[in-house]
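The values are calculated or read from the model by the stated rules, or taken from the named source; none is laboratory data. On a predicted model such as this, the values are computed, not experimentally measured, just so you know. Every residue, glycine among them, receives a Cβ derived from its backbone with ideal geometry; neighbour counts consider all protein chains shown. These area figures cover heavy atoms from the full protein model, side chains too; ligands, DNA and RNA do not enter into them. Shrake-Rupley method; radii C 1.70, N 1.55, O 1.52, S 1.80 Å.
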There are 2 protein chains.
Amino acid sequence: METIGFIGTGVMGRSMAGHLLKAGHPVIVYNRTRSKAEDLLALGAKWEKRISQLARQSDVIITMVGYPKDVEEIYLGENGIVNHAREGSYIIDMTTSSPSLAKKIYEAAKAKGIHSLDAPVSGGDIGAREARLSIMVGGDRADFEAVMPILSLMGTNIVLQGAAGAGQHTKMCNQIVIASNMIGVCEAMAYAKKAGLNPEQVLQSISSGAAGSWSLSNLAPRMIAGNFEPGFYVKHFIKDMQIALDSAKEMGLLTPGLELAKSLYDTLAEQGYEECGTQVLYKLYESQG
Amino acid sequence: METIGFIGTGVMGRSMAGHLLKAGHPVIVYNRTRSKAEDLLALGAKWEKRISQLARQSDVIITMVGYPKDVEEIYLGENGIVNHAREGSYIIDMTTSSPSLAKKIYEAAKAKGIHSLDAPVSGGDIGAREARLSIMVGGDRADFEAVMPILSLMGTNIVLQGAAGAGQHTKMCNQIVIASNMIGVCEAMAYAKKAGLNPEQVLQSISSGAAGSWSLSNLAPRMIAGNFEPGFYVKHFIKDMQIALDSAKEMGLLTPGLELAKSLYDTLAEQGYEECGTQVLYKLYESQG
């Protein structure tokens, strides 16, 4: 079975790498903070303290890290993956990152005979744990098919969306929908409260009709209960929206809803809510009262 | 069985009154345009050309008309319902209308011993046809319970949301969620197209996760197909958003997402798209290209 190098063992990466191990793949892990990889090491993963070394030993390299700048450094830096991975190996960035960076990595990899795919996911920590992620892939079809058995260990809805960058573009579509929908959900819940309604009862009337959405069913109840624990972090959502805004700008597309959402979340971040879940947007409205 | 006066036999009102007739209620109908009531007359409804006369003969009066100004005139005008309905009768406004007007009608009715409920619906023409509407009710509990057998002939999810006006407030919550979500759906679909993705394939990746919503599943495919036929008219959505904005302003609540949606739909109306379905918002983004 292919040896898989896995970089980035945060909450999601840890679950994802765990599925690969359990399926019998030798897995080599790297993470900035080693303690976050201990669970995987206990399951039989091998620790590697240098990315270049990890790259040399792997048939397939998967990354699940933080920001585009991390992705860029890990792939394109002097000691990075593209400089050290074997010819014929596969590299899969599952971080939500920039579509244009994905294309850049694809080109650099191709020049070295390395197969590159961008494959961001949705489904959150629960989807990762249950191996039920939606995986949006950009790259060459032959490469997509070659790694399909591996992607299938982590997700259930796996779609090749187009050439390099298309996976990231698709993830941006996902985040763009969520951005404006969060505003609608929060404004409605704040309106309900201000009007003296029982917000839970309002949800009973509106959740299953044309206003219905995942966010309304899953996040509105948390807002009402004052539960702002992170499912999805404000700081990560801001990162994603910035990528989407940059990308829309590059394409000459105006996205006023996305801009509004980004500005509201920036305000939340300034107020110290970066480590909360995205449903904390509700506080911005509630605090008007 | 109670005689029901039904005012407003448009697409939805016609279906709703039809269910009452089929259940065996004597139904008296009034509509500005008589031709739109012909179906019901053929089913046995009685035509009445004056609202005052209709009111005098009815145990229960239901209205499903257009704008708050119509509601105000029909209920509070000199020849209107409140002046002519019998003491002890029930009046139910199912139009999406202003919460403060609902309270005003309730007070005026109460002074005459008439039971008033506001009971706007969601579910559209299909929900009306299939008697599967969500009905959001404001008023007194005893009145709600008294007319429950009648409301049950038209809907399946029937909730008393609070005192007079609470039904309208709840409907505003519904429209507020939809307003911003429509922006997100349109921006994502426009982004997908601009990025050279296959929008249908994008939906396959994002529809069942955290971006999922009724609008994404039902309206995005119509946008992609260039189908802008009305399910829900732009002109009616603009009316609803105006009511919600006025109501939010009265309560001192800022709703920037709703304001943005209203301004985008106003632009559409200026461009002549008032008679299209709300999914036509996509055109505003698409036309940027």
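Remarks
- Sorted from nearest, the other copies put their B:E72 label points 5.8 nm away, the label point being 7 Å from Cα in the direction of Cβ.
- Closest approach to the A/B rotation axis among chain A Cβ atoms, residue and whole-Å value: A:S213, 2
- For region B:222-265, the spread of Cα coordinates along the three principal axes comes to 40, 16, 11 Å, biggest extent given first.
- Rounded to two decimals, the Cα radius of gyration of region A:123-217 over 2.2 N^0.38 Å is 1.45.
- With one equal scatterer per alpha carbon and no solvent term, the Debye-computed log10 I(q)/I(0) for region A:45-171 at 0.22 1/Å reads -1.35.
- Surface/4 of the Cα convex hull for region B:169-286, nm²: 7.2 nm²
- Residue-averaged [θ]222 nm for the protein assembly as shown, counting only DSSP H segments that reach four residues, each worth -39500 (n - 2.57): -15500 deg cm²/dmol
- Long-range HN-HN contacts of A:V29 with modeled amide H, under 5 Å: A:F6, A:K46, A:W47, A:E48
- Taking a point 7 Å from the Cα of B:D125 along the Cα-to-Cβ direction, the residues of region B:234-249 with backbone N closer than 13 Å to it are B:234.
- Label 7 Å beyond Cα on the Cβ vector: A:R34 copy-to-copy distances, nm: 9.1
- Here is the interface size for A with B: some 4800 Å² of accessible area buried, both sides summed, with a 1.4 Å probe.
- Cα centroids of region A:100-161 and region B:1-63: 59 Å apart.
- Taking θ as phi - 60° and the Karplus parameters 6.51, -1.76 and 1.60, the scalar couplings of region A:115-122 work out to 8, 10, 10, 9, 8, x, 10, 10 Hz in sequence order, x denoting glycine and proline.
- Sorted from greatest to least, the principal axis extents spanned by the alpha carbons of chain A come out as 64, 45, 34 Å.
- 20 Å reach of a label modelled at A:D39, 7 Å along Cα-to-Cβ, counting backbone N of region A:207-248: A:229-234, A:236
- Of all DSSP-defined beta bridges confined to region A:4-162, some 10% are antiparallel rather than parallel.
- For chain B, the share of DSSP beta bridges that are antiparallel, to the nearest 5, is 15%.
- Using heavy atoms of the protein chains and a probe of 1.4 Å, the accessible area assigned to A:W214 is about 100 Å².
- For the protein assembly as shown, carbon and sulfur atoms together expose 49% of the accessible surface, with a 1.4 angstrom probe and every protein chain in place.
- Span from the region B:217-236 Cα centroid across to the region A:204-256 one, whole angstrom: 22 Å
- Cα Rg, Dmax, the protein assembly as shown, angstrom units: 27.7, 89
- Proximal lysines to B:K239, defined as alpha-carbon separation beneath 26 angstrom and excluding residues fewer than eight positions away on the same chain: A:K193, A:K194, B:K36, B:K69, B:K103, B:K104, B:K171, B:K249, B:K262, B:K283
- Label spacing, shortest first and in nm, from B:E229 to its equivalents in the remaining copies (7 angstrom along Cα→Cβ): 4.8
- Counting 0.36 nm for each residue step from A:T267 to A:A225 and taking away their Cα separation leaves a gain of 12.9 nm.
- Relative contact order (%) - criterion: Cα under 8 Å, at least six apart; region: region B:4-162: 20 percent
- Extension gain for the segment B:T156 to B:Q288, taken as residue separation times 0.36 nm less the Cα-Cα distance, is 43.3 nm to one decimal.
- Take every pair of alpha-carbon atoms less than 8 Å apart whose residues are at least six positions apart; their mean separation over the length of chain A yields a relative contact order of 13 percent.
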